[in-house]
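One structure is given here, and the rest of the page talks about it.
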Amino acid sequence: MTHSDENRQELVRAGAVPVLVGLLSSTDADVQYYCTTALSNIAVDFDSRRTLAQTEPRLVAHLVALMRAASARVQCQAALALRNLASDAGYQAEVVRAGGLGPLLGLLQSSHTPLVLAAVACVRNISIHPLNEAAIVDAGFVRPLVGLLDRTDNEEIQCHAISTLRNLAASSERNKLEIVEAGAVTKCRALVLTAPPAVQSEMTACLAVLALGDELKQPMLAAGVAEVLLPLTRTKSAEVQGNSAAALGNLSAKVGNYDPFVKTWSGPAGGLRGFLGSFLSSGEPTFEHIAVWMILQLLESEDKRLYSLFMEAPEIVEAVNRLAERQPNNNASSPPDQSSHASQMAVPALARKVAALLS
């Protein structure tokens, strides 16, 4: 009955939730399974989660306990129920407070794919809460999550694992360093070019976050990250293109040694020259912003080799000059999205700075 929205809402209104929660304490594995399944489906709905939060204070503790049940299918449904509950910030924090990380880590390292998928999906939701990030890292999740990137047989597991790592990386330099030391960059470099588009999107987003770490830029470049990001700026997915370009831009800021950028000027896949020229002429404000900002970082490095390469690329110089002369479009009748609008307003000013350095 809980597979349809209408039935789920009717069950909640009829008072079925307290009965289902009470039956979680049953010693019968079938009863446990069907009750966790029903509660997992009910927890898909926002209003139902709000009702559960107000009326069932022991629900999370019951589900955490069931992740240690003898039955694998009960464990799986308990993790899935917690994943659905953890769509909300309050439940994200409560799962950690209730001791959920220990059993989730165990399920994450199971040989049973459905258990792994349920656990990593739950951890992904939990990792969204900023107060959970340190607890997840300290509980020992980083290396197992990096290991799951090798699960090329299961796109969902890969996506959840790398998205969790990205969430963890965003919170601190310490987390970024631990993720890199666990081999995440090496694995992404090896896998990303042949990964499905959804996995590519998550991997490039994670690399863009890691590339913000001042101490990690040089090791990432030395690992050959630029060589795999450049081809991905030409892929069909705009999201993958943007993430890859953002990662390259982050790597270019105050890196110290600009040899990798000189090395990749012409290749692979057209190299930096091709990527920057394409983004400058894309007509997409966010892409233009990334390209102009990155050129500014490269020129402000005062590396004479890069300056010479830019001066020998007339298509880039001309594109920058065009952008520098462009008037921001303030047409309120069709407002762009917020990030695109911010980029549109910033591009001419950045382009003028670049044009001055190239003049």
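Results, tabulated for the structure shown:
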{"item": "Within region 19-59, tally of residues that are of a type outside the set (Gly, Ala, Ser), under 19 Å from residue 95 (Cα atoms) and not in a helix (DSSP H, G or I)", "result": "6"}
{"item": "Residue in region 163-177 that is β-branched (Val, Ile, Thr), more than 15 Å from residue 209 (Cα to Cα) and either modelled with pLDDT of 95 or more or touching a Phe, Trp or Tyr at 6+ places or on another chain (Cβ under 8 Å) (or both) present", "result": "no"}
{"item": "Any chance residue 191 is part of a helix (DSSP H, G or I), of a type outside the set (S, T, N, Q), in contact (Cβ under 8 Å) with a residue 40 or more places away in the chain and touching a Leu at 6+ places or on another chain (Cβ under 8 Å)", "result": "yes"}
{"item": "Some residue of region 143-161 being farther than 23 Å from residue 33 by Cα, touching a Cys at 6+ places or on another chain (Cβ under 6 Å), among the aliphatic types (A, V, I, L, M) and touching a residue at least 40 places away in the same chain (Cβ under 8 Å)", "result": "no"}
{"item": "Options 239, 202: the member that is buried (at least 23 other Cβ atoms within 10 Å of the Cβ), part of a helix (DSSP H, G or I), modelled with pLDDT of 95 or more and charged (D, E, K, R)", "result": "202"}
{"item": "Single match in 115, 105 (criterion: in contact with a helix residue (DSSP H, G or I) (Cβ under 6 Å, 6 or more places away or on another chain), farther than 20 Å from residue 207 by Cα and surrounded by fewer than 24 Cβ atoms within 10 Å (Cβ to Cβ))", "result": "115"}
{"item": "Those residues of region 1-58 which are among the basic types (Lys, Arg) and either closer than 14 Å to residue 74 by Cα or at pLDDT 90 or above (or both), in sequence order", "result": "49, 50, 58"}
{"item": "Among (1) within 21 Å of residue 49 (Cα to Cα); (2) free of Cβ contacts under 8 Å to residues at least 40 places away in the same chain; (3) among the aliphatic types (A, V, I, L, M) - the single one residue 177 does not satisfy", "result": "(1)"}
{"item": "Qualifying residue in region 50-62 (condition: within 20 Å of the chain's Cα centre (by Cα) and surrounded by fewer than 21 Cβ atoms within 10 Å (Cβ to Cβ))", "result": "no"}
{"item": "Criterion (under 29 Å from residue 149 (Cβ atoms) and in contact with a His (Cβ under 6 Å, 6 or more places away or on another chain)) met by exactly one of 44, 95, 74, 120", "result": "120"}
{"item": "Filter result for residue 309 (farther than 11 Å from residue 358 by Cβ, part of a helix (DSSP H, G or I) and either aliphatic (A, V, I, L, M) or in contact with a Ser or Thr (Cβ under 8 Å, 6 or more places away or on another chain) (or both))", "result": "yes"}
{"item": "Qualifying positions in region 67-79 - part of a helix (DSSP H, G or I) and either in contact with a strand residue (DSSP E or B) (Cβ under 7 Å, 6 or more places away or on another chain) or under 11 Å from residue 104 (Cα atoms) (or both)", "result": "75, 76, 78, 79"}
{"item": "Filter result (of a type in the set (Lys, Arg) and in contact with a Gly (Cβ under 6 Å, 6 or more places away or on another chain)) within region 255-314", "result": "none"}
{"item": "Residue ID - farthest from the chain's Cα centre (by Cα), chosen from residues in region 86-118 that are closer than 20 Å to residue 45 by Cβ and among the hydroxyl-bearing types (Ser, Thr, Tyr)", "result": "91"}
{"item": "Among the residues listed as 266, 237, the single one being among the polar types (S, T, N, Q), farther than 21 Å from residue 171 by Cα and under 18 Å from the mean Cα position of the chain (by Cα)", "result": "237"}
{"item": "Breaking point among (1) in contact with a Gly (Cβ under 6 Å, 6 or more places away or on another chain); (2) crowded, with 18+ Cβ neighbours inside 10 Å, for residue 173", "result": "(2)"}
{"item": "Test: residue 121 is within 19 Å of residue 103 (Cβ to Cβ), under 17 Å from the mean Cα position of the chain (by Cα) and either surrounded by fewer than 16 Cβ atoms within 10 Å (Cβ to Cβ) or modelled with pLDDT of 95 or more (or both)", "result": "yes"}
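Okay, residues lined up against (1) out of contact with any helix residue (DSSP H, G or I) (no Cβ under 6 Å at 6 or more places or on another chain); (2) surrounded by 17 or more Cβ atoms within 10 Å (Cβ to Cβ):
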{"residue": "227", "(1), (2)": "yes, yes"}
{"residue": "243", "(1), (2)": "no, yes"}
{"residue": "263", "(1), (2)": "yes, no"}
{"residue": "267", "(1), (2)": "yes, no"}
{"residue": "290", "(1), (2)": "no, yes"}
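The values are calculated or read from the model by the stated rules, or taken from the named source; none is laboratory data. All of these numbers come straight from a predicted model, not from anything done at the bench. Because the Cβ atoms are built from the backbone with ideal geometry, glycine has one as well, and the counts that use them run over all protein chains shown.
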